[in-house]
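Notes to accompany the following structure.
The values are calculated or read from the model by the stated rules, or taken from the named source; none is laboratory data. Bear in mind that the values here come from a model prediction, so they are computed numbers and not experimental data. As a convention, Cβ positions derive from the backbone with ideal geometry for all residues, glycine included, and neighbour counts pool all protein chains shown.
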Amino acid sequence: MRAPVSASMSLFLAALLVTACATGSPTTTAPSNAGPSGSVSPSGSASLFSPTDVAWLQLTVAMNERLLPVLDMVPSRTTDPGWQTFAARLGTAHRADLSTARRLLAESGAPATNPHEGHDMPGMVTEQELTTLRSATGVAFQRLAGQHVRAHLQQAVRVATAEQRNGVSPATTALATEVVRAGDAELTRLDRLNRPA
C-alpha cells in the first residue's frame, strides 16, 4: 500500500492536481471561465470556485470511486454483521459525497472527465488490490479491506482539512468539513470493529 502523505504534502498535492497528476499528465490550471483572480465563476452562478476547490473535488470523486467497489464486496466476502453494517453506512455516505462533489464540479465549470483516471495515489485502491480482495474471504478479507478503508479515510481527512483551510467556495469547504467530521468518526468505528472480542 502507498504510504500516507503529511497534511502539508496533501495541500501541495492538491495545488498541483490542477496542473499535473502523479504520472505527469497535463490538465488545465483552471476551467476556461476563470476570472482575473484565478477563481472560477460558472455561468449564472454567484459561487466562486478556486483551483484548489476544483482540485479537491476532482480528487474526492476519484478517491470515492475507488473505495466504493471495496465496500460493495463486503456482503459477499464476509458474514460479520459489524463489517456489513459498517460498509453499508460508509457506502451510503460516500455515494452521497460523490454525488455532491460531482454536482459542485459541474457548477464550477470544470471538465466532466476524471483527470485521475488510471493514476494510483495515496488513499486510492488499485486494480491489483481489488483483485487480491476478490480472492479473500472472512477474516483475511476484513483485514485487507480494513487497511484500504483506513488509508482512504486518513487521506480523505488530510486533503479535506487542507481544503477547509484554503478553499474559497462555501459549498465546497462545507463538504470538506463534513468529510473531516465523518472520516474521523468512521476511523473510530473502524478501530472498534478491528478490536479483538
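Here Ser41, Ser50, Ser99 are screened, and the one residue that is in contact with a Gly (Cβ under 7 Å, 6 or more places away or on another chain) and at pLDDT 90 or above is Ser50. Taking the criterion of being over 16 Å from the mean Cα position of the chain (by Cα) and either among the hydrophobic types (A, V, I, L, M, F, W, C) or not in a helix (DSSP H, G or I) (or both), the residues of the stretch 99-109 that qualify are Ala106, Gly109.
Only one of the numbered conditions (1) outside any helix (DSSP H, G or I); (2) modelled with pLDDT of 65 or more is violated by Pro69, and that is (1).
Can you name the residue in the stretch 128-165 that is touching a helix residue (DSSP H, G or I) at 6+ places or on another chain (Cβ under 6 Å) and among the polar types (S, T, N, Q) and is also nearest to Leu68 (Cα to Cα) among such residues? Of everything passing the filter in the stretch 128-165, Gln142 is nearest to Leu68 (Cα to Cα).
Only one of the numbered conditions (1) under 14 Å from the mean Cα position of the chain (by Cα); (2) under 18 Å from Val54 (Cβ atoms); (3) of a type in the set (Lys, Arg) is not met by Arg66, and that is (2). Checked against the criterion of being at pLDDT 95 or above, surrounded by 20 or more Cβ atoms within 10 Å (Cβ to Cβ) and not in a loop (DSSP other than H, G, I, E, B), the candidates Thr161, Thr172 yield just one match: Thr172. Within the stretch 130-152, one or more residues are free of Cβ contacts under 8 Å to residues at least 12 places away in the same chain, over 14 Å from Val74 (Cβ atoms) and either part of a helix (DSSP H, G or I) or acidic (Asp, Glu) (or both). When every residue of the stretch 115-122 is checked against the conditions, at least one turns out to be closer than 20 Å to Ala62 by Cβ, surrounded by 20 or more Cβ atoms within 10 Å (Cβ to Cβ), in contact with a Lys or Arg (Cβ under 6 Å, 6 or more places away or on another chain) and of a type outside the set (S, T, N, Q). Among the numbered conditions (1) within 14 Å of Leu59 (Cβ to Cβ); (2) in contact with a Pro (Cβ under 9 Å, 6 or more places away or on another chain), the only one that Leu130 does not meet is (1).
Tell me, yes or no, whether the stretch 76-98 has at least one residue that is within 18 Å of Thr177 (Cβ to Cβ), assigned to a helix (DSSP H, G or I), within 18 Å of the chain's Cα centre (by Cα) and hydroxyl-bearing (Ser, Thr, Tyr). No, the stretch 76-98 contains no residue that is within 18 Å of Thr177 (Cβ to Cβ), assigned to a helix (DSSP H, G or I), within 18 Å of the chain's Cα centre (by Cα) and hydroxyl-bearing (Ser, Thr, Tyr).
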